Amino acid sequence: MRKLSYAKALNMALADELADDPAVCVFGEDIVAGMAGLTLGLHKRFGSTRIVDTPLSEQGFAGMAIGAALAGRRPVIEFQIPSLLFLVFEQIANQAHKLALMTGGQLSVPVTYVVPSSGSRDGWAGQHSDHPYSLLAHVGVKTVVPALPSDAYGLLRAAIQDPDPTVVFAPASAMGNREAVEISELVPVPLGSARVHRSGTDVTVVALGHLVADALAVADELAGEVSVEVFDPRTVYPFDWAALATSVTKTRRLVVIDDSNRMCGFAAEILASAAESLPLIAPPRRVTRPDGAVLPFARQLDHAVQPQPEQLTAAIRAVMA
């Protein structure tokens, strides 16, 4: 067994895909130096024809990746900050995502977009702290948010192997997580498959990315009071509705903790779908960023805008009342 960090897991997954498939290549800013950890050491191993440092023109190299994918390559793009997804949204949602559908499957665009340290990083303020995974899921782009190093490895490999464009969010608050793993047992994780980290009988808590750790901590604190099942979707889109139905049918109560904005967010979709079709015995609750949240520079205000464990505790107690 070896203690594997989340950041190293991403790096290993990308290295393994580069080694296994000569069509895989990487575009991004400062990736030769491996500034974000994702590409650390890969330029020396695979060379400048596959690890390509680009100018500061995200729209330019996002478009270039689509062309490379149509020509038979499997590009991986690293974005240094999540807000850059707004800049290239046209290339992802209107071009890469739609081409296979508009050509009846004659074309495929296997581009993987990786956002290391997505979400809040203390002091990075409003234009560097977004977590827009709900936006990508809304338009139908495959979107994953791993919580553990083993899932970061497995989901990134699955994303690169997938024939469709896929966005991988690696939350800043998860990047330092470490997990004891058997390296030889790390494998791709199928997109759209959820994971139950803790079984329970009273309430299902859906948590994504770094918030899984918070949900597990709250479940431990409430162990003598409430039996909490911690459900990790891992994939935002496609979502594992069958697995959620199994969990909620057992517990009949639902709480979602979600690091996206409240209005039209990931949590809103889960609560709405659950209310439509699952046997809930209490109104479901959600813990999210506020409507229209823009994270401030000040550390205390930054944290105040993000979903907190005490809010989750209150929501669980509310559905139990």
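The values are calculated or read from the model by the stated rules, or taken from the named source; none is laboratory data. Values in this document were obtained by computation on a predicted structure and should not be read as measured data. All Cβ positions, glycine included, derive from the backbone under ideal geometry; neighbour counts span all protein chains shown. All accessible areas refer to the heavy atoms of the entire protein, side chains included, with ligands and DNA or RNA removed. Shrake-Rupley method; radii C 1.70, N 1.55, O 1.52, S 1.80 Å.
Could you list, in sequence order, the residues of the stretch 1-46 that are charged (D, E, K, R) and either without any contact (Cβ under 8 Å) to a residue 24 or more places away in the chain or farther than 20 Å from residue 179 by Cα (or both)? Residues satisfying the conditions are 17, 20, 21, 29, 30, 44, 45.
Only one entry of 282, 267, 217, 272 meets the criterion of being over 26 Å from residue 189 (Cα atoms) and either touching a Ser or Thr at 6+ places or on another chain (Cβ under 7 Å) or open to solvent by 30 Å² or more (accessible area, probe 1.4 Å) (or both), and that entry is 272.
At least 3 residues being within 15 Å of residue 28 (Cβ to Cβ), open to solvent by 60 Å² or more (accessible area, probe 1.4 Å) and of a type outside the set (D, E, K, R) is the threshold, and among the helices (runs of 4 or more DSSP H) wholly inside the stretch 51-120 not one reaches it. Name the single residue, out of those in the stretch 303-321 being open to solvent by 40 Å² or more (accessible area, probe 1.4 Å) and not in a helix (DSSP H, G or I), that is nearest to residue 292 (Cα to Cα). If we take residues in the stretch 303-321 being open to solvent by 40 Å² or more (accessible area, probe 1.4 Å) and not in a helix (DSSP H, G or I), then 308 is nearest to residue 292 (Cα to Cα).
Among the residues of the stretch 153-192, the ones that are part of a helix (DSSP H, G or I), open to solvent by less than 20 Å² (accessible area, probe 1.4 Å) and more than 13 Å from residue 118 (Cα to Cα) come to 7 in all. If we scan the stretch 27-44, do we find a residue that is part of a strand (DSSP E or B), open to solvent by less than 30 Å² (accessible area, probe 1.4 Å) and under 17 Å from residue 167 (Cα atoms)? Yes: the stretch 27-44 contains one or more residues that are part of a strand (DSSP E or B), open to solvent by less than 30 Å² (accessible area, probe 1.4 Å) and under 17 Å from residue 167 (Cα atoms).
Restricting the first member to the stretch 136-147 and to residues that are in contact (Cβ under 8 Å) with a residue 24 or more places away in the chain and part of a loop (DSSP other than H, G, I, E, B), and the second to residues that are of a type in the set (Lys, Arg) and open to solvent by 20 Å² or more (accessible area, probe 1.4 Å), the beta-carbon pairs closer than 8 Å and six or more apart or on different chains are 145/234; 146/234; 147/234. Considering the stretch 75-99, and only residues there that are under 17 Å from residue 130 (Cβ atoms) and among the small types (Gly, Ala, Ser), the residue that is farthest from the chain's Cα centre (by Cα) turns out to be 93. Answer with yes or no whether residue 176 is over 20 Å from residue 166 (Cα atoms), touching a residue at least 60 places away in the same chain (Cβ under 8 Å) and among the small types (Gly, Ala, Ser). The answer is yes for residue 176. Scanning the stretch 285-302 for residues that are closer than 25 Å to residue 229 by Cα and either open to solvent by less than 40 Å² (accessible area, probe 1.4 Å) or touching a residue at least 40 places away in the same chain (Cβ under 8 Å) (or both) yields a total of 3. Note on the stretch 179-199: among residues that are free of Cβ contacts under 8 Å to residues at least 40 places away in the same chain and out of contact with any strand residue (DSSP E or B) (no Cβ under 7 Å at 6 or more places or on another chain), the one that is farthest from residue 139 (Cα to Cα) is 184. At least 3 residues being touching a residue at least 24 places away in the same chain (Cβ under 8 Å) and within 29 Å of residue 165 (Cβ to Cβ) is the threshold, and among the strands (runs of 3 or more DSSP E) wholly inside the stretch 200-261 those reaching it are 235-237, 254-261.
Of note, residue 141 does not satisfy the criterion of being open to solvent by less than 30 Å² (accessible area, probe 1.4 Å), closer than 21 Å to residue 37 by Cβ and of a type outside the set (Lys, Arg).
Of the residues 247, 260, the single one that is farther than 17 Å from residue 287 by Cα and within 22 Å of the chain's Cα centre (by Cα) is 247.
Scanning the stretch 121-133 for residues that are farther than 17 Å from residue 212 by Cα and not in a loop (DSSP other than H, G, I, E, B) returns 126, 127, 128.
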